[in-house]
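Student: A single structure is presented below for examination.
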Amino acid sequence: MLTPELLNALKGYTAGMKNRVSLVLQRGEHPKRSELAAFLADFAGVSENLSFEERDVPEHLRSPLSFMLEVDGEPNGIVFSGIPGGHEFNSLVLAVLHSSGTPLKLDAGIVNIIQNIQTPLNFEVFVSLSCHNCPDVVQALNQFATLNPAVSSEMIDGGLYPELIEQRNIQGVPSVYLNGEPFANGKIDTARLLEKLMAIQPALPANNDAPTLPLQDVTVIGGGPAGVSAAIYAARKGLKVTLVADRLGGQVKDTLGIENLISVPKTTGSELTGALLTHMKDYDITLKEHLRVDSIEKGDIKTLTLSSGERIETRTLIIATGAQWRELGVPGEKENIGNGVAYCPHCDGPFFKGKDVAVIGGGNSGIEAALDLAGIVKSVTVFEFLPELKADKVLVDQAQKRENITILKNVATKQILAENSKVSAIEYQDRSSGEILTRELAGVFVQIGLLPNSGFLKGVVDLTPYGEVIINERGQTSEAGIFACGDVTTVPYKQIVIAMGEGSKASLAAFEYLLKKGSPKESESSLAA
């Protein structure tokens, strides 16, 4: 399974291992076990600090397709149940490297929170190897286990445990269980995992003892194309810059194919996210990743309080928090997320192989989702609220050629029905006749656009009724010294290339604002002359 090229790359990755790591596979019989054993033997063969062994450890491992990591002979709480190929291969590589002493790229505030957990936390993460969101969750929880012996994490390939998937009524990934109970479903990042942990364990300390940053010239909230562009432009002006992001890449990270970023004919969301981070590392920018901004105190100097408890004081603020998938807001939607309601066709499509599904939304994202699903499921029905589709003609033409895609226009989704905790049908209204109709199906993929990530800005800057930050042609908001850019704003056409330009423009406007305002004597600002 591991090619010579991949094995050679692994030798380079593992060259700096400090601790000895063993891959321990549970004994037993399973048609896939020999494949997994060969995979692990090849993997362990790339370094003298890696070993592979097989033995009976039922107290730690659930099946003959389960293996755990031991560090210097002791289990470290990380388990993989399945063959970690596809998107999960990197999860295994990082788990081994972090277990062997490679530093974790986590903010000191996050490390402090995790290390103070005292209650045993046993996480199970059900994944699909085709899911590009799942590794983020697996890798985050593996890092938590590395930091604290009270935490354990097990990746479970749902495709190899159908009985367990059926028993727990899982219809979407990633699906996270904590101590045997549902904890999180669908796309969830490290920041959200931390918030949920702190909600159930309020005694966890905030990071009030973290070293205080000096007064910043520019603080950027958001790590997508707009935020990174703003941070780079500010740093190039010689300013003290901090970027706070719940995750680098933002919505871009969830995009599989990108073909409209001018001068780059074709790339992917993960590749572009990596390129953004690489470019940003060329500059002196303080990065606070996996953290959210809880509150903003306005004034000549703005004060931000982060989810870790840390506070940042800054002379200017650039908001680039982007947007998230918009929900339908109908009965049966929230109740069935992970049980038939999904927002990512790439991640959850394989769970509906041979079944009938719906896509809500006739824009580009909706028709693209229908085309992706058509090759997996039995049939796709597209529900569009307006009399005509909003998608590009080239996509509509492709959809109309598919025999298993049906398009219903001028219909309103009323509710999503479920039986035995699984989606069973969708109830909708023909807007012309007013007739209420029902269509039986197993899954509903919601693709109706984006919702600005601006909830924390109420009372800070002026917003539209839709939640977009109102800005002028320079990215200035209603509050002096606070600028905004990208998908969170009123700027039309939510595109990557536009977000990058808007981020650069907001940063230049912030620099101009600082020049006119002057540098206060008490500040150690490095504002360029």
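Student: Run the accessible area of region 307-437 with a 1.4 Å probe and give the carbon-and-sulfur part as a rounded percent.
Tutor: The value for region 307-437 is 46 percent carbon and sulfur by accessible area.
Student: Something else: Test of understanding: express the Cα radius of gyration of the chain as a ratio to 2.2 N^0.38 Å, with N the residue count.
Tutor: Here the answer is 1.02, to two decimals.
Student: Here is a further query. What lysines could a cross-link reach from residue 281, if we take a straight Cα to Cα line under 27 Å and drop same-chain neighbours fewer than 8 places away?
Tutor: The reachable lysines, counting only those whose Cα sits under 27 Å from residue 281, are 11, 18, 105, 187, 237, 240, 253, 266, 302, 494, 505.
Student: Here's another thing I want to ask about it. Work out the P(r) tail for region 333-399: percent of alpha carbon pairs separated by more than 17 Å, whole number.
Tutor: The share of Cα pairs beyond 17 Å in region 333-399 comes to 39 percent.
Student: Just order 265-272, 3-10 by mean Cβ neighbour count inside 10 Å, highest at the front, would you?
Tutor: 265-272, 3-10
Student: I would also like to ask the following. If you average over every viewing direction, what projected area does the convex hull of the Cα atoms of region 53-179 give, in nm²?
Tutor: 7.9 nm²
Student: If you don't mind, another one. Pop a pseudo-label 7 angstrom from the Cα along the beta-carbon direction at both residue 283 and residue 266 and give the gap in nm to one decimal.
Tutor: Spacing of the two 7 Å Cα→Cβ label points: 3.1 nm.
Student: Another one. Sorted from largest down, what three extents in whole angstroms do the Cα atoms of region 204-302 have along their principal axes?
Tutor: Principal-axis extents of region 204-302 (Cα, largest first): 45, 36, 23 Å.
Student: State the extension gain, in nm to one decimal, for the chain segment bounded by residue 5 and residue 385, taking 0.36 nm per residue of separation less the distance between their alpha-carbons.
Tutor: Difference between extended and current length: 131.8 nm.
Student: Given the DSSP H assignment, sum -39500 (n - 2.57) over each helix run of at least 4 residues in the chain and divide by its residue total; what's the result at 222 nm in deg cm²/dmol, nearest 500?
Tutor: Calculated from helices alone, the mean residue ellipticity at 222 nm is -8000 deg cm²/dmol.
Student: Based on the alpha-carbon gyration tensor of region 363-427 and its eigenvalue square roots a ≥ b ≥ c, which shape applies: rounded if a/c is under 1.5, prolate if not and a/b is larger than b/c, or oblate?
Tutor: Taking the square roots of the gyration eigenvalues as a ≥ b ≥ c, region 363-427 is oblate.
Student: Can you tell me, using C-alpha contacts under 8 Å and at least 6 residues apart, the relative contact order of the chain as a whole percent?
Tutor: About 12 percent, as a whole number.
Student: Okay, next question. By the scheme Lys and Arg +1, Asp and Glu -1, what is the net charge of all other residues having a beta-carbon under 13 Å from that of residue 173?
Tutor: Spelling it out: positives minus negatives among the neighbours equals -3.
Student: So what are the ³J(HN,Hα) numbers for region 67-78, from phi and the Karplus equation (6.51, -1.76, 1.60; θ = phi - 60°), rounded to whole Hz, Gly and Pro as x?
Tutor: The phi angles translate into 9, 10, 9, 10, 10, 6, x, 10, x, 10, x, 9 Hz.
Student: Moving to a separate point now. Using the Karplus curve 6.51 cos²θ - 1.76 cosθ + 1.60 with θ = phi - 60°, work out ³J(HN,Hα) for each residue of region 378-384 in order, rounded to whole Hz, and write x for Gly and Pro.
Tutor: Result, ordered by residue: 6, 8, 10, 10, 8, 10, 10 Hz.
Student: Mind ranking 383-390, 172-179, 227-234 by how tightly packed they are, going by the mean number of other C-beta atoms within 10 angstrom, highest first?
Tutor: 227-234, 172-179, 383-390
Student: Taking every DSSP beta bridge with both residues inside the chain, roughly what % is antiparallel (nearest 5)?
Tutor: DSSP beta bridges in the chain are roughly 45 percent antiparallel.
Student: Report relative contact order for region 308-404 in percent, whole number only (criteria: Cα-Cα under 8 Å, sequence separation at least 6).
Tutor: 23 percent
Student: Suppose a student asked you for the relative contact order of region 61-206, using Cα pairs under 8 Å spaced at least 6 residues apart; what percent would you report?
Tutor: Relative contact order for region 61-206 comes out at 26 percent.
The values are calculated or read from the model by the stated rules, or taken from the named source; none is laboratory data. Computed from a prediction, not measured in an experiment: that's the story for all the values here. Methodologically, a virtual Cβ is constructed for each residue, glycine included, from the backbone with ideal geometry; neighbour enumeration extends over all protein chains shown. Quick note on the areas: whole protein, heavy atoms, side chains included, nothing else; ligands and nucleic acids left out. Shrake-Rupley method; radii C 1.70, N 1.55, O 1.52, S 1.80 Å.
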